[in-house]
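The values are calculated or read from the model by the stated rules, or taken from the named source; none is laboratory data. For clarity, every value in this text was computed on a predicted model and none was experimentally measured. Cβ coordinates were reconstructed from backbone atoms using ideal geometry, including for glycine residues, and neighbour counts include every protein chain displayed.
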Amino acid sequence: MSEPLHTLAQLEQKQDFVRRHIGPSESEMQSMLSEVGASSLDDLMEQTVPGSIRLKQGLAIGESQTEAEALANLKNVAATNKINRSHIGMGYSDTFTPNVILRNVLENPGWYTAYTPYQPEIAQGRLEALLNFQQVTLDLTGLELASASLLDEATAAAEAMTLAKRMSKNKHSNCYFIADNVHPQTIDVVKNRADMFGFEVTVGKAENASDCDCFGALLQYPGTTGEIQNISTIIAAVQANNGIVAVAADIMSLVLLKAPGDLGADVVLGSAQRFGVPMGYGGPHAAFFATRDKYKRSLPGRIIGVSKDTRGRPALRMALQTREQHIRREKANSNICTAQVLLANMASFYAVYHGPEGLKTIASRIHRFTDILAAGLQQKGFELAHNTWFDTITVKVADKAAVLNSALAKNVNLRADLDGAVGVSLDETTTRAHIEDLFEIFCGADHGLDVAALDSAIVANGSQSIPAELVRTNDILTNEVFNKYQSETEMLRYIKSLEDKDLALNHSMISLGSCTMKLNATAEMIPVTWPEFGKLHPFAPVEQAQGYSTMINTLEKWLINITGYDAVSMQPNSGAQGEYAGLITIQKYHASRGESHRDICLIPSSAHGTNPATANMVSLKVVVVDCDKRGNIDLNDLRAKAAEAGDNLSCIMVTYPSTHGVYEETIKEVCDIVHQYGGQVYMDGANMNAQVGITAPGFIGSDVSHLNLHKTFCIPHGGGGPGMGPIGVKSHLAPFLPGHEVVNMGGEHANNGAVSAAPWGSASILPISYMYINMMGSEGLKKATEVAILNANYIAAKLTGHYPVLYKGRNDKVAHECIIDLRPLKEASGVTELDVAKRLNDYGFHAPTMSFPVAGTLMIEPTESESKAELDRFCEAMISIRNEIAKVESGEWDATDNPLHNAPHTLADICDSEWNRSYDRQLAAYPVQAVARNKFWPSVNRIDDVYGDRNLICSCPGVESYREE
Ligand SMILES: *Cc1c(COP(=O)(O)O)cnc(C)c1O
């Protein structure tokens, strides 16, 4: 007898995205549930999550949509964005993303699903691309040491201020100077940062920088309205008083202009956006940052350095990590964790693709068009604000509204925020037709100007718009890598050769505790490169960004529902930035009640390094709260420390479930104790993947959280960024959310200071989270959380008996991640957590989080997206490694002549004509059957960290020898 036909509703259900996002099938879940001792997902939740915090009602997101439906829905929303040609400038320029980079980097999971390169042996590809980024930065800025990207130009400027404060010998000064021709959004962000540190800011004419007794100054080159000043005397004057001078610079202009480092700048920073990264309504883009060698220990963000591996070959890694938040905590240079790796890589590939000659052609063409535009307008009697420029002119106009309107009639946006003038900025996409449009906008249809004739005159007479002494005379990008790959075939293969060195989610599971490396579905990624989202300038009139506001408003509504908060700000562009924005709302709230003396922040000892680093940024004193033997916050210690802080208690920063991977039963009490003393609760939302649909920070009793959209809500990690860290707040904190200087965001917070350069942060990756939530629906989101918990408990169950699982909660269950303790094994065998991590590479896996939150442990977070087969493969590897450790323990294998100590193994090892190890090549490279079928080869052997930090090289190798030739 044939089975009855399914109903239409059942058939539709079968097309659901939910079962694609969730790894295990229904029947696999059943067998996994019995393995962990639960009868159903509901039963597992009952056993795992404290009843007092479980939500009684479901989410209100609605039904899940299929991929096709969700894409069609978002396409309609996107269509309501109006794409005008942008001549706004202000740090954002249109650009051509070379298609070979668009498809093979930005749209390629081999690049976008990789993790931050903490395991350098399986990350040499992106490390090389980042080293190239640093080399581009060094060549263009004229400085000695560069970092591998910061979040945006404005926050990079704020980091330059704190570097100045740390390094300046003008110790008694508390004043920072900002030139008034710095981009307004940068001034806004830096002022806000200064405010929280308690620095005074003076904004004035650049020439007057040395009038105030400052510890540092920020200049812009060229200025926001286009002028190119010789800033060398200003720089020298500030330095004469021991001030440290930062220069925000336009990356394209630097191709033609003398490097700010050569003009004396101590720090040079800016946005690399116009090197091939779409404007995307504000981001994500990489900021570059360079300084002098003597300030290297004070540099914010990650630095890639050259070291060597055990075979003595050059190998790349993240250098000088001891400066960073995860080690130095509240003493760190900055709280930066996730940066902008994917976008830095795109910009560096742009430089590789065009090479020095190509870049010079692009920059010269932009400059020529600007000369032509200026000459034409001057010929028609317009007065320009300056007589120097690279790509931006400021045109004085009697009737600004009329000019802006005639621009709008031609679908053109001009810079509109200047008094009695409009700004016009050109870029590499500018054509002759656009210049003619601009002539019409300013001079009417019969202007009689001729682009070719104006050009001929400039060619004949020369151009004076770049002062002669500021014309760049030295070569840039002389390194081989920038001179080798200009044919597309060569470029394609270069990108592929780097991609092949990196292990990303398209190869195997990356079970990083707290980082939630889940599926980044292709359907979620597709809208990111739609021009409807990519081509909008962040300061375009808001009426033109209807699509963005619909998408953002809907996403905010969903996140409010998911978190149990009342309002959301999309401005912070990383989790750490979210923490910063959140603590500002807390401090401003206290101040509004006359309690600005509240300056103590309680932080459990298990907290992520960004927490104390961020507390320091808002001038809070960190008081560490102990954890008990089970990994829970010690309530007695909390009570004592809260009482001691008393009226000075500002807040607690607490992660939930804890970074130990347990749902603490006492979390509501934790909130109550802090509230009792007038403090606020900041719940770090990095572990929201264990909360969505099951519980919610707002429901538990927290006041504010950031969400890592690049963890819980499917934005890929990009090899170390981008991310988005929006914050949710209860209504009493809403008036203190970030505002923006240039764009009126609406609401009572509109006039508050900003935390990011763009009003809605990295807006162009929000479609990823929008798509995810829409395709999962209320039920799917809840189920994702349940399966994330199931998968973690399944791994814990499978590995128990082989390794101790460090912390468990009620009924011996873990939350969405588990920590396995390697310390007893290390004691017994000498095999370290590092050996296990590197040996996992031989098995084709990325190591879990190492030594956080507890030294000598691995924290494993499989996420809901991994199938049972992959979890089994991972457990097989871990168990096989355990058996290998046993051989060292028993003395069967020598303490150093064993595959753990020598891991990872490379092809160079296996192909070496000499092999005199006590184990064979097969065991080295193919330790289990499954590996042989799909081998991933680490491209270098274990890298020497100490050597790399002692002999710091952060530029492309061979530059010096190349130059000497
Ligand atoms: C990832 C993480 C952060 C920081 O987020 P970024 O986006 O990397 O700045 C903060 N806290 C915890 C617990 C995290 O896991």
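Key figures
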| item | result |
| --- | --- |
| Qualifying positions in region 359-392 - within 26 Å of residue 139 (Cα to Cα) and either surrounded by fewer than 16 Cβ atoms within 10 Å (Cβ to Cβ) or modelled with pLDDT under 95 (or both) | 361, 364, 365 |
| Selected residue [assigned to a loop (DSSP other than H, G, I, E, B), among the hydroxyl-bearing types (Ser, Thr, Tyr) and either surrounded by 19 or more Cβ atoms within 10 Å (Cβ to Cβ) or touching a helix residue (DSSP H, G or I) at 6+ places or on another chain (Cβ under 7 Å) (or both)] from 473, 478 | 478 |
| Filter result (under 25 Å from the mean Cα position of the chain (by Cα) and aliphatic (A, V, I, L, M)) within region 697-727 | 704, 707, 709, 715, 724, 727 |
| Residue in region 662-672 that is farthest from residue 796 (Cα to Cα), counting only those that are more than 16 Å from the ligand (Cβ to nearest atom) and part of a loop (DSSP other than H, G, I, E, B) | 666 |
| Boolean, residue 418 is at pLDDT 95 or above, within 36 Å of the chain's Cα centre (by Cα), assigned to a helix (DSSP H, G or I) and surrounded by 13 or more Cβ atoms within 10 Å (Cβ to Cβ) | no |
| Enumeration of residues in region 640-667 that are of a type in the set (D, E, K, R) and surrounded by fewer than 16 Cβ atoms within 10 Å (Cβ to Cβ) | 644, 647, 665 |
| Check on residue 598, charged (D, E, K, R), within 18 Å of residue 736 (Cα to Cα), at pLDDT 95 or above and touching a His at 6+ places or on another chain (Cβ under 6 Å) | yes |
| Residue match in region 422-429 (condition: without any contact (Cβ under 8 Å) to a residue 12 or more places away in the chain and either under 23 Å from residue 226 (Cα atoms) or not acidic (Asp, Glu) (or both)) | no |
| In region 583-611, residue farthest from the chain's Cα centre (by Cα) [restricted to those that are within 11 Å of the ligand (Cβ to nearest atom) and in a helix (DSSP H, G or I)] | 611 |
| Residue that is touching a residue at least 40 places away in the same chain (Cβ under 8 Å) and not β-branched (Val, Ile, Thr), where the choices are 374, 398, 409 | 374 |
| Inter-residue pairs, beta-carbon under 6 Å, first within 21 Å of residue 875 (Cβ to Cβ) and touching a residue at least 12 places away in the same chain (Cβ under 8 Å) and in region 493-509, second in a strand (DSSP E or B) and not small (Gly, Ala, Ser), 6+ apart | none |
| Selection status of residue 730, of a type in the set (Lys, Arg) and under 27 Å from the mean Cα position of the chain (by Cα) | yes |
| Test: residue in region 781-789 that is hydrophobic (A, V, I, L, M, F, W, C) and more than 28 Å from the chain's Cα centre (by Cα) | no |
| Those residues of region 807-850 which are closer than 20 Å to residue 118 by Cα and of a type in the set (Ser, Thr, Tyr), in sequence order | 832, 843, 849 |
| Residue in region 918-929 that is within 28 Å of the chain's Cα centre (by Cα), modelled with pLDDT of 95 or more, within 19 Å of residue 121 (Cα to Cα) and crowded, with 16+ Cβ neighbours inside 10 Å present | no |
| Qualifying positions in region 879-912 - farther than 12 Å from residue 830 by Cα and in a loop (DSSP other than H, G, I, E, B) | 892, 897, 899, 902, 903, 904, 905, 906, 912 |
| Residue match in region 432-443 (condition: under 27 Å from residue 97 (Cα atoms), out of contact with any His (no Cβ under 9 Å at 6 or more places or on another chain) and part of a loop (DSSP other than H, G, I, E, B)) | no |
| Number of positions in region 612-644 that are of a type in the set (Ser, Thr, Tyr) and within 14 Å of the ligand (Cβ to nearest atom) | 1 |
| Residues (without any contact (Cβ under 8 Å) to a residue 40 or more places away in the chain and outside any helix (DSSP H, G or I)) located in region 791-813 | 800, 801, 804, 805 |
| Residues located in region 537-580, provided they are within 16 Å of the ligand (Cβ to nearest atom), part of a helix (DSSP H, G or I) and over 30 Å from residue 57 (Cα atoms) | 576, 577, 580 |
| Hits in region 715-746 (condition: of a type in the set (A, V, I, L, M) and either under 17 Å from residue 281 (Cα atoms) or within 16 Å of the ligand (Cβ to nearest atom) (or both)) | 715, 724, 727, 742, 743, 745 |
| Top-ranked residue in region 377-386 [being more than 38 Å from the chain's Cα centre (by Cα) and touching a residue at least 60 places away in the same chain (Cβ under 8 Å); ranked as nearest to residue 457 (Cα to Cα)] | 379 |
| Region 490-529, subset basic (Lys, Arg) and assigned to a helix (DSSP H, G or I), residue farthest from residue 609 (Cα to Cα) | 493 |
| Listing of helices (runs of 4 or more DSSP H) fully contained in region 40-156 that carry 2 or more residues being surrounded by fewer than 21 Cβ atoms within 10 Å (Cβ to Cβ) | 41-48, 67-78 |
| Hey, residue 330 in contact (Cβ under 8 Å) with a residue 12 or more places away in the chain and within 16 Å of the ligand (Cβ to nearest atom) or not | yes |
| Single match in 276, 280, 305 (criterion: under 30 Å from residue 549 (Cβ atoms), surrounded by 19 or more Cβ atoms within 10 Å (Cβ to Cβ) and touching a Gly at 6+ places or on another chain (Cβ under 7 Å)) | 280 |
| Among the residues listed as 403, 395, 412, the single one being surrounded by 15 or more Cβ atoms within 10 Å (Cβ to Cβ) and in contact with a Gly (Cβ under 8 Å, 6 or more places away or on another chain) | 395 |
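Let's see how each residue does on (1) in contact with an Asp or Glu (Cβ under 8 Å, 6 or more places away or on another chain); (2) not charged (D, E, K, R):
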residue: 832; (1), (2): no, yes
residue: 858; (1), (2): yes, yes
residue: 873; (1), (2): no, no
residue: 896; (1), (2): no, yes
residue: 931; (1), (2): yes, yes
residue: 940; (1), (2): yes, yes
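Conditions (1) part of a loop (DSSP other than H, G, I, E, B); (2) crowded, with 24+ Cβ neighbours inside 10 Å; (3) of a type in the set (Asp, Glu); (4) more than 13 Å from the ligand (Cβ to nearest atom), marked per residue:
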position: 674; (1), (2), (3), (4): no, yes, no, yes
position: 684; (1), (2), (3), (4): no, yes, yes, no
position: 689; (1), (2), (3), (4): no, yes, no, no
position: 693; (1), (2), (3), (4): yes, no, no, yes
position: 699; (1), (2), (3), (4): no, no, no, yes
position: 706; (1), (2), (3), (4): no, yes, no, no
position: 713; (1), (2), (3), (4): yes, yes, no, no
